[in-house]
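Note sheet for the following structure.
The values are calculated or read from the model by the stated rules, or taken from the named source; none is laboratory data. Keep in mind the model is a prediction, meaning the values are calculated, not measured. Note that we place each Cβ from the backbone using ideal geometry, even for glycine, and neighbour counts take in every protein chain shown.
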Amino acid sequence: MGASKSESFSAEHNEMAILFKALSNPARVAIVDYLLSVDSCICGDIVNELPLAQSTISQHLKELKNANIIKGSIEGTAICYCINQETIQKIEKHFSLISHKLNSKCC
């Protein structure tokens, strides 16, 4: 979305769009699922779990980190990634609001 177009929407709408765009790739969804199944992991561990090249996984990790969906901490020569719970709670709140509005409508 161009800068002039994004200015027409609320900060929350723009934030959700960034999050959903980051999660719109099945490899990224798989990475998030994997990170949810472990406490934290090293990038190399993810490479062993997904049928993608290390460079491709690194790019997906970068996109997830830029969207603040995951956090990374440097431990020696490796970067350990984990889910950013605060961001997931924002997504959950957004979908909860959608669900509440749908459930309050009469059909």
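Ser96 fulfils the conditions (1) modelled with pLDDT under 95; (2) under 16 Å from the mean Cα position of the chain (by Cα); (3) of a type in the set (Gly, Ala, Ser) except for a single criterion, (2).
Of the residues Glu75, Glu63, Glu86, which single one is modelled with pLDDT under 95 and either acidic (Asp, Glu) or touching a Pro at 6+ places or on another chain (Cβ under 9 Å) (or both)? Going through Glu75, Glu63, Glu86 in turn, the sole match is Glu75.
Checking each residue in the stretch 73-83 for being over 14 Å from the mean Cα position of the chain (by Cα), surrounded by 10 or more Cβ atoms within 10 Å (Cβ to Cβ) and not aliphatic (A, V, I, L, M) picks out Ser73, Glu75, Cys80. A single member of Cys43, Cys80 is of a type outside the set (Asp, Glu) and touching a Ser or Thr at 6+ places or on another chain (Cβ under 6 Å), and it is Cys80. Any idea which residue in the stretch 39-69 is surrounded by the fewest Cβ atoms within 10 Å (Cβ to Cβ), counting only those that are hydrophobic (A, V, I, L, M, F, W, C) and assigned to a loop (DSSP other than H, G, I, E, B)? Across the stretch 39-69, the extreme among qualifying residues is Ala53. Are any residues in the stretch 1-36 free of Cβ contacts under 8 Å to residues at least 24 places away in the same chain, part of a helix (DSSP H, G or I) and within 15 Å of the chain's Cα centre (by Cα), and if so, which ones? Hits for the stretch 1-36 are Asn14, Ala17, Phe20, Pro26, Val29, Ala30, Asp33, Tyr34.
Of the residues examined, Glu86 is one that is free of Cβ contacts under 8 Å to residues at least 60 places away in the same chain and either assigned to a strand (DSSP E or B) or loosely packed, with under 11 Cβ neighbours inside 10 Å (or both).
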